[in-house]
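Asks: Handing you a structure now.
The values are calculated or read from the model by the stated rules, or taken from the named source; none is laboratory data. Because the structure is a prediction, the values reported are computed rather than measured. We place every Cβ from the backbone using ideal geometry, glycine too, and count neighbours over all the protein chains shown.
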Amino acid sequence: MIRSTLLSLTAAALLTSTAAAQFFTPGNLVVLRVGDPTITLGSHAAPLFLDEWNTTTNTLVQSLQIPNSSTNAAPSVTQRGFSSSEGCLTMSADGRYLVLVGYDRTLGATDPSSEPAISTNRVITTVDTLTGIIDTTTALTDAYDSSTFRGAASVDGSSFWMSGNSGTGSIRYATLGATTSIDISGSPTNMRWIDIHKSQVYATSASTGALAQGVMEIGTGLPTTPGQTATILPGFPIAGVFPDGAPYDFWFANDSTLYVADSAFTGSNCGVQKWTLAAGTWTRQYTIVIGATECIRGLSGVVRNGVPEIWFTAEPSGFVTSLYKVLDTGANSVAQLISTETPETDYRGVRVIRSVVATSPAGCGQSSLMLTGSGLTGTDIEIDMVNAQGFPFINFSLAPLGLPLANCSCTIVFDLGVLIGAASSTLPLPSNPAIIGTTLNVQGFDLFDTTSTCISLVPGIPMSTTDGLSILIY
């Protein structure tokens, strides 16, 4: 019903709609590459590049260099050449920014991770997926001192949750442009990579003996204060031994399906792990094995027409990495080799580019709307209305309206289209080129919200609205 309604609503808009230009194309893949073929790769500070790959033709589209001392930039953002535990790449929850981290260390200088943070700042870098603009203003003097800085995650590029190896806070929090950060969780002390799924911070632990060998929730939601507990997802191993795997990157295909990059070098157990959730417990279904010693680091994906398409970087011994993709059709799925790195370079984190979610301020109630999805045809868009006070409705629309409600600051920002009476809804986007370039708008209505002062369209029924969200379909 929703699918057919979307198609009918789109028909008129298709006469004039075209997709706006974006620096990184939604549906393509971005790979974090460390090193340059003209510079010998070692433990010293190496340059960083973001390589964009076309996921249809499997070809390189463009490369964007992150500022460093050779480009006369300050700070100089580098990573260790021989340190595959570094290199986490994430995308902000709204799809606007790619996020990576590094050290303010001169290109070619000795091991940057061993330097104090006060002299070699730990730098969080964002790259605007719409414009390509790079921001390196978040240079921290107190994070991961003389130790490894691995990754950062963000909701909208204004604040960050970080991971790394540190006895004074393995998970930290900072705001854009800050020079200091907050230790919000210190155990385990050696955390791997980090990301956010549906307003919850997650990170991986993979150290032998850490009593946590998998994906962990960091506190509840998006914590910003000290004393948060890192809790292993139920069902993941707690023995802390390599036969259980050594997780790095991870990707939620949906709320009950999780893919984990295993870097344990243990033969049949090493590869892309698939986990599913049932009755509150996660179970490893199988591992897509690439090779006897293929160590998986970066991992990302998208579900197209019901089939998970997974992209990942694999590294056998010797610091030679390759880029792969695999369609998960079962335990015997065969990965396709896309590219092997050129000499003196190293592939690390990966992320599939999604369409950016724009927000229209319009809410005045206590509820909010959360959109999960890439905006690509053949995929799903999930909408969750959080903290509803009354009876929630979700409105899918293709046209603006801008109708203010009386006696409050609430606004109905979009025309009524497909109205769903529920707190959560999933909208499948058909694999139809005709809908590409259409802007899909979503807003939540909270009917019978007794905390609201609004005079609603129906007298006598209190209501409030959420902010509006818009995403361009590609």
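Asks: Tell me, yes or no, whether region 245-253 has at least one residue that is more than 21 Å from Leu100 (Cβ to Cβ) and part of a strand (DSSP E or B).
Replies: Scanning region 245-253, I find at least one residue that is more than 21 Å from Leu100 (Cβ to Cβ) and part of a strand (DSSP E or B), so the answer is yes.
Asks: Looking only at region 342-369, count how many residues are closer than 25 Å to Asn28 by Cβ and either outside the structural domain of Thr90 (by TED's automatic domain parsing) or under 19 Å from the mean Cα position of the chain (by Cα) (or both).
Replies: Matching residues across region 342-369 total 13.
Asks: Another question, then. Report yes if Ser154 is closer than 28 Å to Thr359 by Cβ and at pLDDT 95 or above, otherwise no.
Replies: Judged against the criteria, Ser154 is a match.
Asks: Just to confirm my filter: which strands (runs of 3 or more DSSP E) fall fully inside region 420-474 and include at least 3 residues that are under 30 Å from Asn54 (Cβ atoms)?
Replies: The strands (runs of 3 or more DSSP E) meeting that bar are 424-428, 439-447, 468-472.
Asks: Collect the residues in region 455-473 that are farther than 14 Å from Leu371 by Cβ and either buried (at least 22 other Cβ atoms within 10 Å of the Cβ) or free of Cβ contacts under 8 Å to residues at least 40 places away in the same chain (or both), keeping them in residue-number order.
Replies: Answer for region 455-473, where residues must be farther than 14 Å from Leu371 by Cβ and either buried (at least 22 other Cβ atoms within 10 Å of the Cβ) or free of Cβ contacts under 8 Å to residues at least 40 places away in the same chain (or both): Ser456, Val458, Pro459, Gly460, Ile461, Met463, Ser464, Thr465.
Asks: Quick one: in region 290-304, of everything that is farther than 23 Å from Val320 by Cβ and either more than 21 Å from the chain's Cα centre (by Cα) or among the aliphatic types (A, V, I, L, M) (or both), which residue is surrounded by the fewest Cβ atoms within 10 Å (Cβ to Cβ)?
Replies: Val303
Asks: In region 286-342, which residue that is acidic (Asp, Glu) and assigned to a strand (DSSP E or B) is modelled with the highest pLDDT?
Replies: The residue in question is Glu309.
Asks: Report yes if Ile420 is farther than 30 Å from Phe24 by Cβ, in contact with a strand residue (DSSP E or B) (Cβ under 6 Å, 6 or more places away or on another chain) and at pLDDT 95 or above, otherwise no.
Replies: yes
Asks: Filter region 25-59 down to the residues that are of a type in the set (Ser, Thr, Tyr) and under 18 Å from the mean Cα position of the chain (by Cα), then identify the one that is nearest to Ser76 (Cα to Cα).
Replies: Applying the filter and picking the extreme gives Thr25.
Asks: To continue, here is another question. Out of region 370-389, which residues are buried (at least 20 other Cβ atoms within 10 Å of the Cβ) and more than 23 Å from the chain's Cα centre (by Cα)?
Replies: Answer for region 370-389, where residues must be buried (at least 20 other Cβ atoms within 10 Å of the Cβ) and more than 23 Å from the chain's Cα centre (by Cα): just Ala388.
Asks: To continue, here is another question. Name the one entry in Ser409, Ser374 that is part of a loop (DSSP other than H, G, I, E, B), closer than 13 Å to Leu440 by Cβ and touching a Gly at 6+ places or on another chain (Cβ under 9 Å).
Replies: Of Ser409, Ser374, the one residue that is part of a loop (DSSP other than H, G, I, E, B), closer than 13 Å to Leu440 by Cβ and touching a Gly at 6+ places or on another chain (Cβ under 9 Å) is Ser374.
Asks: On the phi < 0 side of the Ramachandran plot, touching a strand residue (DSSP E or B) at 6+ places or on another chain (Cβ under 9 Å) and either modelled with pLDDT of 95 or more or not aliphatic (A, V, I, L, M) (or both): does that describe Ile118?
Replies: Considered against the rule, which asks whether it is on the phi < 0 side of the Ramachandran plot, touching a strand residue (DSSP E or B) at 6+ places or on another chain (Cβ under 9 Å) and either modelled with pLDDT of 95 or more or not aliphatic (A, V, I, L, M) (or both), Ile118 comes out as no.
Asks: Okay, next question. Among (1) over 29 Å from Gly378 (Cα atoms); (2) without any contact (Cβ under 8 Å) to a residue 40 or more places away in the chain; (3) of a type outside the set (D, E, K, R), where does Thr59 come up short?
Replies: In the conditions (1) over 29 Å from Gly378 (Cα atoms); (2) without any contact (Cβ under 8 Å) to a residue 40 or more places away in the chain; (3) of a type outside the set (D, E, K, R), Thr59 misses (1) alone.
Asks: Looking only at residues in region 204-232 that are crowded, with 19+ Cβ neighbours inside 10 Å, under 16 Å from Trp193 (Cα atoms) and of a type outside the set (Gly, Ala, Ser), which one is modelled with the lowest pLDDT?
Replies: Here the residue is Gln213.
Asks: Based on what the data block shows, is Phe49 surrounded by fewer than 19 Cβ atoms within 10 Å (Cβ to Cβ), in the same structural domain as Ala153 (by TED's automatic domain parsing), under 28 Å from Gly301 (Cα atoms) and modelled with pLDDT under 90?
Replies: Answer is no for this residue.
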